[in-house]
1. I want to verify the translational diffusion coefficient of chain A in µm²/s; compute it with Stokes-Einstein, Rh as the Kirkwood radius over Cα pairs, at 20 °C and 1.002 mPa s.
2. Which lysines does B:Lys197 reach when only Cα atoms under 16 Å apart count, and residues fewer than 8 places away in its own chain are ignored?
3. Just report the Cα centroid separation between the range B:103-125 and the range A:144-217, whole Å.
4. Filter the trypsin sites (Lys or Arg not before Pro) in the range B:218-296 to those in DSSP coil with at most 16 other Cβ atoms within 10 Å of their Cβ, and list the result.
5. 5 Å is the cut-off here: which amide hydrogens, built 1.01 Å from N in the peptide plane, fall below it relative to A:Ala83, excluding neighbours closer than 5 in sequence?
6. Which loop-located GluC sites (Glu not before Pro) does the range B:265-338 contain, where loop means any DSSP state but H, G, I, E or B and the Cβ has at most 12 other Cβ atoms within 10 Å?
7. Calculate the FRET efficiency for A:Lys378 and A:Ala193 from the Cβ-Cβ distance with a Förster distance of 35 Å, rounded to the nearest 0.05.
8. Mind listing the Cα extents of the range B:522-594 along all three principal axes, in Å, largest one first?
Amino acid sequence: MTLLRENCLACHNPEKRKGKLVLISRAGALKGGENGPALIAGKSAQSHMIAALADDADPHMPPKGQLTPDEIALLKSWIDAGAIWDEAVLTAPKLVSSTTRPIPLRPLPATYHPVLAIALSSDQKRLAMSRGDHILVFDLSRKDRPLTLELVTPNDVVQSLAWSGDGRWLASGGFRRLRLWDGQSANPVGEIAGLTGRVTALAFTPDGQTLVAAEGEAASPAMVHLWHVPDAQPIASWTAHADSILALKISGDGTLLATAGADKLVKLWDLPARKELAKLEGHAGPVMALALSADGTQLASAGADKELKIWKVKTREQTAALTTHPDPVTDLAWVDPKTLLSTCEDGLARFSSESSKERATRTFTGAPDVLYCAAVSKDGKMIYAGCHDGHVYVWSVAGGKLEGKLPTDEQPVKR
Amino acid sequence: MRHILLTFCALGFVASGSSASEHVATISLAVWPESATLNAGAAQRFSVTRADADGFAIDVTGKASFSSDHPDVATVESGGVIRAKSPGSASMTATVDGATVHMSVSVRPAPPDSLSFPNDIMPLLSRAGCNAGACHAKPAGQNGFKLSVFAYDPKSDYRAIVKDARGRRVFPAAPEESLLLRKPTLTVDHGGGLRLKKDSQPYQLIRRWIEQGMPYASKDDPTLAAIEVHPREGRYHKLATQPLLVLAKYSDGSTRDVTALADFVANEKEMARVDENGVVHVGDLPGEGVVIARYMGLVDVSRITVPADQTLPDSLYATLPVNNFIDSNVYDRLKRLGIAPSERCTDWEFIRRASLDAIGALPKPDEVKAFLNDPDPDRRAKLVDRLLQNPLYADHWANKWGDLLRPNPFRAGVKSVYTLDQWLRASFRQNKPFDQFVREILLARGSTHRDGPTVIFRDRREPADITTFISQVFLGVRLECARCHHHPNEKWSQDDFYQFAAFFGSLKRKGQGISAPISGEAEFIGFAPGTTGEVRHPVTGQVMRPRVLDGPVETIDPNRDPREALAAWISQPDNLFFARATVNRVWGELMGRGIVHPVDDFRASNPPTNPALLDALAKDFIQHGYDLKHLIRTIMTSHVYELSSIPNAYNVRDTRNFSRFYRRRPAAEVALDAVCDLTGTTENLQGLAPGSRAVQVWNNRLDSDFLDAFGRPNPSADPPCERDRDSSVVQALHLMNSTRLAGKIENPAGRATQLAKSTRTPQEIVTELYLSAYARYPTSSEMAIALSAYAAKDATRQTATEDLVWALINSAEFVFNH
């Protein structure tokens, strides 16, 4: 049973059903898949399973490994003895869900403080950035962009940030925990704990009444949760993607929710009805970034497959595929109806537009490491991008020059 | 023959008997490594072997008892594992059956506990198979996670692990929750199965590395410089086992026992296989093999020799004729393996073999008769000299090099390919020194319709394509892998590849380029001063400066063609790449198998079967001014070349030590010419003058079922073209049933008709045909059978002669060179 679990179940499980074969139950094994029964109890010599395990078998199982002669002999004698089944062994790992297991967080290594999230308030005056387990807020209305707040989420790397439309609330997502802060006083307002994994994306509805969060363990099904703000009353939750949700956007009228996942899919949802409207397929890797145009008609998506796709929201039709990036794209934002800002793992920020399919129309250089997240001012004049080195890099679009970084080397921060 | 074999056996028995009695007296132990510098906390296994009087290595590590003179500095436990405790020096002693051997260990303070991604973590992931070609190192990665093949690009692997998808694979606040650990331990589903056991040492190391904040490397981290496998070479008894040790050597002089992290592959699994722990299990066949140990892109090999059961007496080898240095080198090898060479071949076998090999044609009956009657003891050497003066020599050898150099005429243009062919044939007619031949190719300039070698650069247009080609054909190194990633079984990196390519960066072309399928116009190839082209490294984007393999980076005057520096290097007397590759190729043509095989695949993991012979041939070739005819003469006048193709009891399984002549099928063109010569006809070859021979064909696109059946190069393939050397059913059927071939036999102007019409007796006809086909006289029983064809009912002289020609063509003795 342990051999089956460790060598077969990753593919022959009820979700993947490779070759239409599910090896969870004895009945499933006897019923078999596309090629007939996987095994015939008592007759190892006539069992497909044993044949497929041989060194020179075609198809060969497992596809990327070779069981040792001893292991095969063990399986043979087990089949010959009647293939006694113990389903508990096969399903055991699934039962121990990590939600039931508390995971204490230890202090982060001193060198680890990536800027995974960035959020610009709608009045354009405040920029919030994550930095490891800290959140820094800068005042953009002053030329020297002073650091006005420093919030701490002890040992918990901040994965996502969002301002409410009125700037009253700042929400931050960490590991199994979501925090709501008063945007002015920086006082913690509330906390939602007890989630299963990292809170990978966050957004407020335009009315500021609902907080939408995506969360889940990596490589496991991911959920979308809706909470009422500020009392954190749960409104709804549902499983939305088969793997982590890496981006989440809400349309200006609050009716449409777009999500993108490590399962290579982009999905559109009717937010008030919490109903799936469409699956946008086409990406060949995890989708990291989404951007909805200001008028809500265009959706841009990009990710690990390095391709930037533009979709018509109404028809769900893909209108463009741009190959303007040499490395995975981490975030996207519309600058104007024709221009997209992107951040990329090669450390560059770029402008891309449908008119130039293979070359970025502008590049912004100077960041020393992978860029994770991007923001652009409403007037399209300033660009902000969060970097692995713990800084946000700032460019003015007009000059294309690196203006500086946040925090600056002179700004004292706790870490 | 039988008498001689019996003598061998008797002597062999005496020899092994005497060595057995010496065993008890001399136990000599060896230990490896003899000394080691270790960091406190590190462990190092060492291996104790006993060499017996016959030179066999026997692993006795498991039997030995160990002690340390300073257990506070380092302890040693059974199994030979030393554990470094605290700084200082210690001496270890291993004792087996009263014999002892010592090893010194010096222990340095432990470095600060900071793990390095390239030195500590990547090896674990490689060993777990994460970056195998079928898994996360596929071009598109697996499930969004992509690693470089065999960890050739640790920086990009680091980014994929630490930073991709906003760092979702690592979780420093709770390292065990990192996807990097949850997937391979099957805590979550993993298509690649169980790759890492929870709480195993590798698991703990990766966990600690994440806890430390996933450091890449600190500035003072030593870099991996080399690996060394032990034993490098060993003689083993059948069914012996030998654990290998792999030591990584770092830039700061420290070493690390990486046996547990290395990969092992055996090249002759029947002879000796190797398990995943690096333990060699010798099989029950005599022979030689290598086991390749691979660690982080570096490769080392352990050579394994398993002699035959009988050791043959030295006197046997002492009595063998030595015509030149080839013979002594081959006998040395055979002696080690316990193989006796076949006998010397007969004169008639020799003249047929030498003619087919040197000029690609069967000897004529008169030549055979004269040779068989020649009493001169030097008649074989003189025959070789005569053959090398034969005009067909040039066509035959130019045709062989045509396979390697000749582009597809439908791509590079018919006229261009013809121009190259003319240059090739002229070069072999003049016996152009081979270094000059290659220099003319490397420095080719001018018109593709006038200057033959330029055509190669018309066909191969990118510096990277030229690099692949030149390195494989002239240096015997398949660099192709290093175009995209570090060569998996060799030391060659992408740097090596693109630095070599940089010699061709400033090549200029003028005129019309390739316009397949005609490519009718000429193109001009050359170098224009001041227009330096750039070859960039595909990963770093860095502009590469030219550098030859294993050489220094060149500084090239921008007014000079960088190819000049490469051409000068090729024929530098100390450049053994070129000479070895060339002699090996020629040796392979004449002996049926390269000393390195395949002939253009030199690498540490594919060692020569006889390194001393290869080097001796290369040095002799260099000393004689890269004279191909001298090389061919040297090989063909050796005693080894004269050996019979009939095996004896001692060499029947030998296929690589040249203890007998390996019989083989001649090339398609030679076979067709032989059929034409025997039938007394010519072949109408498209684009060639009437009466031309198939070895003069310069265009593999001309129609010929015969040449297709007998494996001429695929006309659409890029050079260098592999020929299919195997025998096939198609060939047999073609020789039996082809109507074209029947037409040749029945041709009114052909030999069968001419002989039938002549006044010769049937005996004379049979003799003439045997001399033509086999270069020998028929035996009396063969004569009797042949004559019965003439006496048969309904037979005429014509039909009987035709039947006899048909029968000869369809015999193995005709089809093979033996």
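1. 91
2. Excluding near neighbours in sequence, the set is B:Lys183.
3. 42
4. B:Lys219, B:Arg232, B:Lys238, B:Lys269
5. HN-HN under 5 Å from A:Ala83: A:Gly42.
6. B:Glu270, B:Glu276
7. E(calc), rounded to 0.05, equals 0.55.
8. 47, 36, 26
Each value in this text was obtained by applying a stated rule to the coordinates, not by laboratory testing. If you're wondering where the values come from, they're calculated on a predicted model, not measured in any experiment. Neighbour counts run over all protein chains shown; Cβ positions are idealised from the backbone, glycine included.
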